[in-house]
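What follows is a single structure, written as C-alpha cells, with notes after it.
The values are calculated or read from the model by the stated rules, or taken from the named source; none is laboratory data. This structure is a prediction, so every number in the text was calculated from the model and none was measured. Glycine gets a Cβ as well: all are built from the backbone with ideal geometry, and neighbour counts include every protein chain shown. When the accessible area is computed, the model is the full protein with side chains, heavy atoms only, and any ligands, DNA or RNA have been set aside. Shrake-Rupley method; radii C 1.70, N 1.55, O 1.52, S 1.80 Å.
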Amino acid sequence: MTFSELGICPEILEAIEVLGFETPSPIQEQAIPVALEGLDIVGLSHTGSGKTLAFSIPALESIDPSVRAVQVLCLAPTRELAVQICREVDKLALFLDGVSAAPIYGGASFGPQLAALKRGVQFVVGTPGRILDLMEQGELRTDNISMLILDEADEMLDMGFQEDIDRVVAQLPTPRQTLFFSATMSPAIRSLIDSLSENPTEISIERPVLTVPTCEQSVYEVVFSSRIEVLSRLIEMGRMKRGLVFANTKRVVDDIVDGLLARGYAVDRLHGDMPQTLRERVMDSFRKGCLNVLVATDIAARGLDIDDVDMVVNFELPREPEDYVHRIGRTARAGRKGRAVTFIGRRDFSLLARIERFVGVRMQREKVMTGTQVEQVRRESLVDDILELAAQAHDVPEELRDLEIDSEKLLTAMFNLLLQKTSRELQPIPEDRPSRYHRAADNAAPVDKGQDWSNLQETATLFMNGGKLLGIRPKDIAGLLYNEGGAPKGTIGDIRIFLKHSLIEVAPEVVQQLTTALSTCSVCGYEVNIREDKGRPEGGNARREFIPGGTRRAAASWQGKGSSYRPRRDESSYSSRNGRFRGDRDFREPRDYRAERPDRRKSR
C-alpha cells in the first residue's frame, strides 16, 4: 500500500514525497484512514514505529487555514519530544499555506511561546504543565480545539502528569476527536481512555523484534569505579566516534562528564536540571559533530532524533527492559550498523537475564581491553593516519630541508613525539589483573555453552545443590550437562553459581532428559542432585538446618564427609519445644527469680 491510497490530500502527499517516505508503516496504514473519518483512536505501538506521522497527517487534514487559532492540541511527556513532533509537523505542512505549529514547554521563556500563540498557530505541541499554565492565564484559548492527541501516554502517567492532564482536558470543548498513542496498555492507561473517550477504535501493532539485527550488543563486567576508565578506552580505541552514554541519575551523569573532560574528550551532559536553552545548545552541538560523546538520563533523552550515532553505552543497567530498548534504539538506524555496550556489576546478572529474555537476544560477553591492547590500537591508528596524509602531495617544510640526519631516525623520532602528544596515560583498574578463574580457564579446553541462546524463545531453570563452597565453576557444570547429561549443542544458557547452590538456564525440551540422567551425579568429587527449579516453596521460609560447630568452615567440612556422618550430641540436647539448642542441660521449668530476690527497700 502507498500513502496515496490512504485518502491523504495532495499537499501533504507532496510533502511526504519530498521527505522520502515511500510506503506507510503498519501503524500509519491502519490509523490514518480511521482518524480521517473523525473517529477516536487508541494506538498501541512501540517507539520508532512511525506514530508521529500517524497522528500528524490526520491532524493537519482537520485544520482550517483561514482560522488563526489553536485547533489541534498534542500533549507529550518531555520537551525534546514536543520539539521533535513540532519539527515533523512543520515538514508535513510544507505545502499547506497558512498552517503552522509551535512547541510549548516549561523551562523556557514565555515570550516566544506567547508570541506564537498571538500570531495564530493552529497546531500546538507541549508538555502538560506549561499548557495548563497558559490555559489558566487565558493565553491559550481552547474555543476552536477540535482534536486532542496524547503521545507516549504511558510515559506521561509514569512521570506524574495524571492530574495536569485531567485539568487540561476539563477545559477543552466537546465534542472533539481524541487520539491516544502508547507503547503499553496498563490499567491506568485504560482508565484514562475510558474517562476521555467513548468506544475508541483500538489499533495494536505487535513488535516482531525488539532490537535490530544490525545492532551488535555486548556486555562488560566492570566494577563501578572502573567504568569511566573503560569508557575512555573505548573512545581511545576508536570504537566510539560519536556515542550516547546513558546513566540512571543526574549525579552519575555529572560524574561521567567530569571524568571524561579531565581526560580531554569533547563531551557534554543532558539532564532535567539544565535550563532549556542550554539543553538545546548541547543538542545542536552534538548534531553538528562538535561533541564526540553525549551523556544523558533516560527522561532527558526522550525524543532524541540523531541518525548517525555509532555506539550507545549503558553506563548503568536501566531499571526496566523497555528502557533498554529505548536506549539502544538510538543507534543502528536507517539500515546503518551500530553497537550497544552495557556495563554490569556482580549484582546485575538477574536484571541482565531479564532484559535478555525480553529482547530475545543473548548479549556477547567481552573482556575489558587491557592497557597493552589500547596502546597497540593507538599505534596502528596513528600509522594509518600518517599513511593517509602521506598519500597527498605536500611540500617539504623549509625547516627540514637542511637537516643532516638519517630519514629512518627522523621518522622514528617524529612518530614517537606524535604518539606522546596524542596519547594519555592509562589508569590501572582491577580488571587489568586476571582473576584465578580466568587464568585457569585460559589453560582449559573451551566449553561451548549457549551459542544459539538467542533462538530460545522460552527457558527453564535447573537447580543444583552445590555451589562456591564446593569449588564448583561454570565450566564444571557445563561439562557435566553436555558430557554426562547428553545436552544438545546450544541448549545450555546462563550458569549462576551461589554459595551453596547453582541455577542453570536450559531449553525447556531438555529438562526431562537432564533431570532424569543427572538426578544424582558427581561434580568436582562431590555428590549433588539436579532438579527443575520451582522457586521458593509455599508456606514461608524453610527452617535453617542445624550445623555443628557453628561456623561456615565447619559446615563445609561436615557436608564433605557424606550422609553417614552425624554430630556427636545427644538428641535430648536439642529442645523440640522452641527449636533452640540448649547444650547438655536438661530442660526445666522457668524459675521466678524476682520472687526469690530480697526486697532492698525494706532493708534500708
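Side notes on the structure shown:
- Residue match in region 509-532 (condition: touching a Leu at 6+ places or on another chain (Cβ under 9 Å), part of a loop (DSSP other than H, G, I, E, B) and farther than 26 Å from Arg346 by Cα): yes
- Test: residue in region 60-67 that is under 22 Å from Glu11 (Cβ atoms), open to solvent by 10 Å² or more (accessible area, probe 1.4 Å) and either in a strand (DSSP E or B) or acidic (Asp, Glu) (or both): yes
- Subset of region 343-355 (residues that are touching a helix residue (DSSP H, G or I) at 6+ places or on another chain (Cβ under 8 Å) and either without any contact (Cβ under 8 Å) to a residue 60 or more places away in the chain or of a type outside the set (A, V, I, L, M) (or both)): Phe343, Gly345, Arg354, Ile355
- Scanning region 367-422 for residues being over 30 Å from Gln217 (Cβ atoms) and part of a loop (DSSP other than H, G, I, E, B) gives a total of 12.
- Complete set of residues in region 477-498 that are surrounded by 18 or more Cβ atoms within 10 Å (Cβ to Cβ) and not β-branched (Val, Ile, Thr): Ala478, Leu480, Leu481, Gly485, Ala487, Gly493, Asp494
Let's see how each residue does on (1) part of a helix (DSSP H, G or I); (2) open to solvent by 50 Å² or more (accessible area, probe 1.4 Å); (3) in contact with a Leu (Cβ under 7 Å, 6 or more places away or on another chain); (4) not aliphatic (A, V, I, L, M):
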position: Ser218; (1), (2), (3), (4): no, no, no, yes
position: Leu234; (1), (2), (3), (4): yes, no, no, no
position: Met240; (1), (2), (3), (4): no, no, yes, no
position: Val253; (1), (2), (3), (4): yes, no, no, no
position: Gly259; (1), (2), (3), (4): yes, no, no, yes
position: Ile299; (1), (2), (3), (4): no, yes, no, no
position: Ile306; (1), (2), (3), (4): no, no, no, no
position: Asp323; (1), (2), (3), (4): yes, no, no, yes
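- Boolean, Pro474 is under 17 Å from Lys534 (Cα atoms) and modelled with pLDDT of 85 or more: no
- Look at region 167-195: where a residue is closer than 19 Å to Phe55 by Cα and a partner is open to solvent by 40 Å² or more (accessible area, probe 1.4 Å) and polar (S, T, N, Q), sitting 6+ places away or on another chain with Cβ atoms under 6 Å, you get Arg176/Ser146.
- Residue selected from region 349-375 under the condition charged (D, E, K, R) and farther than 23 Å from Gln427 by Cβ, by the criterion least open to solvent (accessible area, probe 1.4 Å): Glu356
- Test: residue in region 70-83 that is without any contact (Cβ under 8 Å) to a residue 40 or more places away in the chain, open to solvent by 10 Å² or more (accessible area, probe 1.4 Å) and under 30 Å from the mean Cα position of the chain (by Cα): no
- Pairs, first closer than 12 Å to Thr127 by Cβ in region 138-163, second of a type in the set (Lys, Arg), C-beta under 9 Å, six or more apart: Asp151/Lys51; Glu152/Lys51; Glu152/Arg302; Glu155/Arg302
- Pairs, first closer than 20 Å to Glu236 by Cα in region 376-395, second among the β-branched types (Val, Ile, Thr), C-beta under 9 Å, six or more apart: Arg378/Thr422; Leu382/Thr422
- Within region 184-204, the residues that satisfy the criterion of being touching a strand residue (DSSP E or B) at 6+ places or on another chain (Cβ under 7 Å) and of a type in the set (A, V, I, L, M, F, W, C) are Met185, Ile189, Ile193, Leu196, Ile203.
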